[in-house]
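The structure appears below as structure tokens.
The values are calculated or read from the model by the stated rules, or taken from the named source; none is laboratory data. Just so it is clear, the model here is predicted, and its values are computed rather than measured. Neighbour counts run over all protein chains shown; Cβ positions are idealised from the backbone, glycine included. The area values use the complete protein model at the heavy-atom level, side chains included, leaving out ligands, DNA and RNA. Shrake-Rupley method; radii C 1.70, N 1.55, O 1.52, S 1.80 Å.
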Amino acid sequence: MYNNDAQRCLTGEVRLSYVSLDKPRQPQGGVGDAKYSATLLIPKTDTATIADFRSAIQAAAQIGAGTLWGGIIPPNLDSIIHDGDGVRPSGIPFGDECHGCWVITASTKNKPQVVGQDNINVELAPQDIYSGMYARVTVRFYPFNTAGKRGVGCGLGNVMKTRDGEPLSGQSSAASDFAGIGASPAAAPAYGTPTPVAYGTAPAAAPQPPMNTAPWNSGNGINPITGQPM
């Protein structure tokens, strides 16, 4: 519970991934409204945050049972919290950054405020907000009954950045994608690096015109250098 709202929580320090906090992101497939969102990576050592989340999910479920679900609470409501050491709902393993964490995505139609812990009255510039940074986040769980699906969703509140972290691009490098498949070409010399010459081997000299071996005063009495009579 946070600020006397049983459905609202304030996390401990989490890492953010798939950050879309400055501009809303269209859902995959283009179906539905664009939303601001972030995936929260919650260390498994932070048992307090997870306990708060599960308590808030149950509070939202009680509201849903009384208003949306005809008095029945669907099973496995906390399945929106995923194990980062396991696999995604699609069956694909989570990335390395998720290991040792609980993973949950929070979203909202309203632009969240993103501030720094050194000044919570001023919003951060877009370049200071990125996937991989650490933060504390407010979320609120809510029941839904949409298109025949019943469950509890996680609404995103505001974000307080606590520190920088290694950016998460969400894209692998070509070297990792093709490791062991392609051969690495021989490295070319760096720009400005002289071509090495074998020790004791002199570079080939440029061809020279034949030398005039005749005495300088031979011939018709003309100086071969000045062209004047000697």
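Looking at Gly100, Gly84, Gly64, which is the one that is open to solvent by less than 40 Å² (accessible area, probe 1.4 Å), without any contact (Cβ under 8 Å) to a residue 60 or more places away in the chain and under 19 Å from Val139 (Cβ atoms)?
Working: Gly100 fails: under 19 Å from Val139 (Cβ atoms); Gly64 fails: without any contact (Cβ under 8 Å) to a residue 60 or more places away in the chain.
Going through Gly100, Gly84, Gly64 in turn, the sole match is Gly84.
Just give me the residues in region 72-81 being within 21 Å of Thr11 (Cα to Cα) and touching a residue at least 12 places away in the same chain (Cβ under 8 Å), in sequence order.
So in region 72-81, the residues within 21 Å of Thr11 (Cα to Cα) come out as 77-81.
Scanning region 72-81 gives Leu77, Asp78, Ile80, Ile81.
Restrict the check to region 19-28 and report whether at least one residue is surrounded by fewer than 16 Cβ atoms within 10 Å (Cβ to Cβ) and assigned to a loop (DSSP other than H, G, I, E, B). Steps first, answer last, please.
The first filter runs over region 19-28 and keeps only residues surrounded by fewer than 16 Cβ atoms within 10 Å (Cβ to Cβ), leaving 23, 25-28.
Still in the list and also assigned to a loop (DSSP other than H, G, I, E, B): 26-27.
Yes.
Residues that are in contact with a helix residue (DSSP H, G or I) (Cβ under 6 Å, 6 or more places away or on another chain), free of Cβ contacts under 8 Å to residues at least 24 places away in the same chain and among the β-branched types (Val, Ile, Thr) are absent from region 20-36 altogether.
From the list Ala65, Ala60, Ala106, which one is of a type in the set (Gly, Ala, Ser) and within 14 Å of Thr39 (Cβ to Cβ)?
Details: Ala65 fails: within 14 Å of Thr39 (Cβ to Cβ); Ala60 fails: within 14 Å of Thr39 (Cβ to Cβ).
Going through Ala65, Ala60, Ala106 in turn, just one is of a type in the set (Gly, Ala, Ser) and within 14 Å of Thr39 (Cβ to Cβ): Ala106.
With respect to being of a type in the set (S, T, N, Q), closer than 19 Å to Gly157 by Cα, open to solvent by 40 Å² or more (accessible area, probe 1.4 Å) and not in a strand (DSSP E or B), Ser79 falls outside the description.
Got at least one residue in region 116-128 being over 23 Å from Glu13 (Cα atoms) and either assigned to a helix (DSSP H, G or I) or at pLDDT 95 or above (or both)? So that I can check it myself, show each step before the final result.
Start the filter on region 116-128 by keeping residues that are over 23 Å from Glu13 (Cα atoms), which leaves none.
Checked region 116-128: no residue is over 23 Å from Glu13 (Cα atoms) and either assigned to a helix (DSSP H, G or I) or at pLDDT 95 or above (or both).
Out of region 112-141, which residues are touching a residue at least 60 places away in the same chain (Cβ under 8 Å) and either under 21 Å from the mean Cα position of the chain (by Cα) or more than 23 Å from Ala60 (Cβ to Cβ) (or both)? Those that are touching a residue at least 60 places away in the same chain (Cβ under 8 Å) and either under 21 Å from the mean Cα position of the chain (by Cα) or more than 23 Å from Ala60 (Cβ to Cβ) (or both): Pro112, Val114, Pro126, Ile129, Tyr130, Ser131, Gly132, Met133, Tyr134, Ala135, Arg136, Val137. Look at (1) closer than 21 Å to Gly157 by Cβ; (2) of a type outside the set (Gly, Ala, Ser); (3) open to solvent by less than 50 Å² (accessible area, probe 1.4 Å); (4) touching a Lys or Arg at 6+ places or on another chain (Cβ under 9 Å) and you find that Pro74 fails only one, number (1).
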